[in-house]
Amino acid sequence: MADPERVGQHGLEIAMAVSQTFCVHREPVGKRITAVIELADDPGGDPAGRQPS
């Protein structure tokens, strides 16, 4: 369980909380982390880079 009292190292926890998908792949040396995060360009909530239909 995450310790909210600890200083630092919260970046991965934040990425997991705001991402739509989150994957960790083991590599021969270390690991590769992929997160999909949708960004909103305008207050109407249209995702970044997409034109409304």
The number of residues in the stretch 5-53 that are assigned to a loop (DSSP other than H, G, I, E, B) and either surrounded by 10 or more Cβ atoms within 10 Å (Cβ to Cβ) or at pLDDT below 85 (or both) is 22
Contact list, first residue from the stretch 28-50 and within 19 Å of Glu13 (Cβ to Cβ), second anywhere and part of a loop (DSSP other than H, G, I, E, B) and modelled with pLDDT of 85 or more, beta-carbon distance below 7 Å, six or more apart or interchain, is Ala35/Ser19; Val36/Ser19; Val36/Gln20; Ile37/Ser19; Ile37/Gln20; Glu38/Gln20
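The values are calculated or read from the model by the stated rules, or taken from the named source; none is laboratory data. Just so you know, these numbers come straight off a predicted model, no measurement behind them. Don't worry about glycine lacking a Cβ; one is built from the backbone with ideal geometry, like all the others, and counts go over all protein chains shown.
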